[in-house]
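A short worksheet on the structure shown next.
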Amino acid sequence: MDNIVTVKGTHDVINDEAIAYQEIELAFRELADLYGYLEFKTPVLEYSKLFTRSVGESSDIVRKEMYEFLDKGGRSVSLRPEFTASIVRAAANAKLFNTQDLPIKAFYVGPAFRYERPQAGRYRQFYQLGLEALGERSPILDAEIISFGYKFLQLLGFKNLKLKINTLGDDESKSNYKKAIKEYFKPHLEEMCSDCKERYELNPLRILDCKVPSDIELVKNAPSMKNYLTSESKEYYSLILDMLNELQIPFEEDDSLVRGLDYYSDVVFEYHFYDEEGKSIGALGAGGHYDKLIGELSGINHDGVGLAFGLERLYSVLQSNNLLPDMTHVLDVMVMPISDNEVPFSYIITEYIRDLGYKCDISYSPKSLKSQFKKAERKNTRFALIVGEDELKTQTAILKNMETQVQEKVPLQDLADALDKHLINHHSHEGCECGCDSDDDCDCDCEHDHEHEHECCCHHHKEEE
Ligand code: AMP
């Protein structure tokens with residue numbers, strides 16, 4: 001049979017990878033919530049002009065990488081290559097700039113599409129997690145976004161992070177610098193790579209991003225942006241750096257950091273992780289400030305700042321550096337009907353156990369008990385609940401602890417209590433000097449209600465004494 005495979009540059013996310021993505025996304029959502037960012041869900045499909053107008057006609061993304069096609073009505077639409085333009089469009093369409101307190105703080109999670117050459121850490125469909133703060137010009141807000149990204153990576157367990165940062169300045173700074181760059185590269189243009197020749201005409205700043213070995217020396221000696229900044233831009237940038245210093249977020253200034261999207265102005269940044277051999281798969285995340293984009297899409301001039309992380313890269317680096325959390329999936333109860341006759345009744349019990357809040361599964365077409373136990377072991381099951389003909393008649397079940405192998409017959413009406421007794425750690429005395437680990441054998445004199453989960457009441461009690 002001819003196997004149908006995934007489209008080049010796309011990939012399935014299943015099993016442990018899917019669990020890890022979920023964990024990473026959850027950490028991102030929780031942090032976004034702490035910082036006061038609300039989720040925006042925008043369509044994957046947008047009119048192409050949204051991106052040509054915002055990401056920029058001269059950017060690699062728009063020139064070469066858009067999944068752009070005509071729909072059945074002959075309209076040019078594109079799969080989003082990034083989210084910022086869509087988030088700004090959504091805020092503008094909903095008139096949030098006129099009706100809501102600014103800044104509008106949005107976060108997003110979802111797939112993006114770029115027709116790039118697939119390679120390590122580079123896909124044609126990939127997932128991004130990102131933030132945008134729209135409608136306010138404040139160096140503190142830029143610092144907030146940068147700090148968020150740094151904390152997020154720390155939270156995931158990354159160490160040896162490198163935060164690279166630069167400023168492109170305002171319009172005047174950018175235009176002065178462009179002139180200087182063009183003058184500098186002009187005499188060398190003939191020897192430079194074909195991409196750089198194009199960039200020279202379209203967006204000369206992007207020459208600084210060139211990784212072609214023969215151009216690198218030239219790029220290194222190019223004039224520095226710093227010497228072309230207006231005093232306002234210099235001041236704005238230094239306030240961001242001051243705040244990062246106050247927050248003890250280490251950064252490294254990098255003059256050649258320009259980013260590939262045309263809408264950036266002022267601060268731009270990237271987060272990198274280098275393994276023990278000093279290798280990096282590219283930026284884990286990146287972002288920057290933009291001062292024209294909101295005006296172009298909403299008609300009201302405002303500044304914005306945002307960042308985006310790539311989920312595939314986060315996962316790949318976490319995995320190859322053994323930083324992923326333990327993802328062993330544990331099943332609380334596996335219900336084991338002895339024969340097909342007991343399956344429907346066992347399924348009702350299964351749903352009941354799930355309603356109690358325990359992870360529970362069942363053998364739908366039961367084979368021997370032996371094979372059911374093997375399956376339960378593979379699923380890291382804590383308790384087996386065996387239901388045979390006798391049990392069905394007497395409305396009981398056999399509850400077996402998979403670890404100790406101890407089993408007991410339980411009337412179904414007492415099942416909830418039995419499961420609670422074994423599976424809820426009523427009185428978690430972790431770290432408690434009284435040495436007990438359960439409600440039952442605790443004689444710590446604690447006045448707290450042992451039915452409630454609490455960290456360690458004995459400590460409080462002892463302190464009071
Ligand atoms: P960008 O929108 O280009 O600033 O990218 C932000 C982040 O998205 C990068 O730092 C990567 O982690 C991720 N990313 C960008 N392009 C790709 C891609 N083709 N495949 C996988 N991840 C990507």
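Brief remarks on what is shown
- The aspartates and glutamates whose alpha-carbon is closer than 17 Å to the alpha-carbon of LYS72, local same-chain residues fewer than 8 away aside, are GLU46.
- Geometric descriptor of the range 219-295, per residue, is 137 Å³ (volume of the convex hull of the Cα atoms).
- Taking a straight Cα-Cα cut-off under 20 Å and skipping sequence neighbours fewer than 8 places away in the same chain, the lysines within cross-link reach of LYS367 are LYS375, LYS379, LYS400.
- With 22 Å as the limit on Cα-Cα distance, the pairs of LYS8/LYS162; LYS174/LYS220; LYS182/LYS220; LYS49/LYS182 that go past it are LYS8/LYS162; LYS49/LYS182.
- Normalised convex hull volume, the range 151-251, alpha-carbon set, Å³ per residue: 132 Å³
- Within the same chain, lysines fewer than 8 places from LYS41 are excluded, and of the rest, those with a Cα less than 18 Å from its Cα are LYS95, LYS105.
- Based on DSSP H segments of at least four residues, each scored -39500 (n - 2.57), the chain has a per-residue ellipticity at 222 nm of -11000 deg cm²/dmol.
- Extents of the range 268-377, taken as max minus min of Cα coordinates on every principal axis and listed largest first, are 69, 46, 21 Å.
- Packing, taken as the mean count of other beta carbons within 10 Å per residue, orders the peptides 160-170, 209-219 from highest to lowest as 160-170, 209-219.
- Separation of alpha-carbon centers, the range 165-217 and the range 323-373, rounded to whole Å: 63 Å
- Above-threshold pairs, the threshold being 28 Å between Cα atoms, out of LYS159/LYS226; LYS64/LYS292; LYS64/LYS164: LYS159/LYS226
- Solvent-accessible heavy-atom area per residue, rounded to whole Å², over the range 214-295 at 1.4 Å: 45 Å²
- Across the chain, the mean sequence separation of Cα contacts (distance under 8 Å, 6 or more residues apart), normalised by length, yields a relative contact order of 13 percent.
- Ratio of Rg to Rh for the range 302-341: 1.41 [Cα atoms; Kirkwood radius as inverse mean 1/r over pairs].
- Calculated FRET efficiency for the pair VAL13/ASP390, C-beta based, R₀ 56 Å, to 0.05: 0.80
- Per-q log10 I(q)/I(0), the chain, q = 0.07 Å⁻¹ (Debye; single scatterer per alpha-carbon; no solvent): -0.54
The values are calculated or read from the model by the stated rules, or taken from the named source; none is laboratory data. Since this is a predicted model, take the numbers as computed values, not measurements. So basically every Cβ, Gly included, is an ideal-geometry build from the backbone, and we count neighbours across all protein chains shown. To get the accessible areas, we keep the full protein, side chains included, count just its heavy atoms, and leave off ligands, DNA and RNA. Shrake-Rupley method; radii C 1.70, N 1.55, O 1.52, S 1.80 Å.
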